[in-house]
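Report on the structure given below.
What follows is calculated from the coordinates using simple rules that are stated; it is not laboratory data. Just so it is clear, the structure is predicted and the values come from calculations on it, not from any experiment. Here the Cβ positions follow ideal geometry from the backbone for every residue, glycine too, while neighbour counts run over all protein chains shown.
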Amino acid sequence: NSKSHSIFAINSCLKKFEDKDPKQIVIDEVIGQSIPIYLYEISHGIEKDFDKSILFYFFIFVLFRIFDILKPFPINYFDRKYKNTFGIMFDDILAGFYVVLTLILAMIVKNLYKHENFIKKNSKFIKE
C-alpha cells in the first residue's frame with residue numbers, strides 16, 4: 001500500500017529535519033496530484049488524444065499548485081493545525097480533491113454554455 005509506505009517514509013524523514021513540513025518531502029504532492037490524474041485516466045478509458053491529455057495534465061498541475069500555495073479552507077486548517085505526517089499528507093490530498101471539484105465545475109459550465117448556445121441557435125424551431 002503506497003499510502004502506508006508514504007506515511008512511514010514521512011515519519012522517518014521528519015526525524016531528520018527541523019522543519020515540520022520540509023520541502024524535501026514531495027511524496028505528499030505526488031499523492032495529491034495523482035488523485036485528479038487517476039480520476040482523469042479512469043474516466044477517459046484507454047484511447048485518448050495525446051495532446052489533449054498532456055494539456056489536461058498541465059492544467060491539473062497548475063490547479064494543484066494554486067490550491068497548494070493559496071491553501072483555501074479547509075486546506076489551511078489542516079496545514080496549520082496538524083504539523084505531523086497526517087497534516088503533511090492531508091493538505092495535499094485536499095488540494096487534489098479541490099482540483100477534481102474545479103474540473104467538474106468547469107465541465108458543467110462548459111456544457112451549460114454549449115447547451116445555451118444550442119438553444120439560441122435553434123430557438124426558432126423550439127418556439128414553433
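Summary table below
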{"item": "Global size of the range 1-106 as Cα Rg and Dmax, reported in angstrom", "result": "14.7, 46"}
{"item": "Förster radius 25 Å - calculated FRET efficiency between Lys23 and Asn76 (Cβ-Cβ, nearest 0.05)", "result": "0.90"}
{"item": "Phi to ³J(HN,Hα) by Karplus 6.51 cos²θ - 1.76 cosθ + 1.60 over the range 80-87, Hz, x for Gly, Pro", "result": "7, 6, 10, 9, 8, 4, 4, x"}
{"item": "Extended-chain gain in nm, criterion 0.36 nm per residue less alpha-carbon gap, Phe58 and Phe97", "result": "12.4 nm"}
{"item": "Inter-label distance, nm, simple model (7 Å from Cα along the C-beta direction), Phe50/His5", "result": "2.9 nm"}
{"item": "Packing-based ranking, highest mean first, of 55-66, 25-36 given that Cβ atoms within 10 Å are counted", "result": "25-36, 55-66"}
{"item": "Hz values of 3J(HN,Hα) by residue in the range 9-17 - Karplus curve (6.51, -1.76, 1.60), Gly and Pro given as x", "result": "5, 5, 4, 5, 5, 4, 5, 9, 10"}
{"item": "Cut-off 13 Å (backbone N to label point 7 Å along Cα→Cβ of Leu112), residues of the range 60-95", "result": "none"}
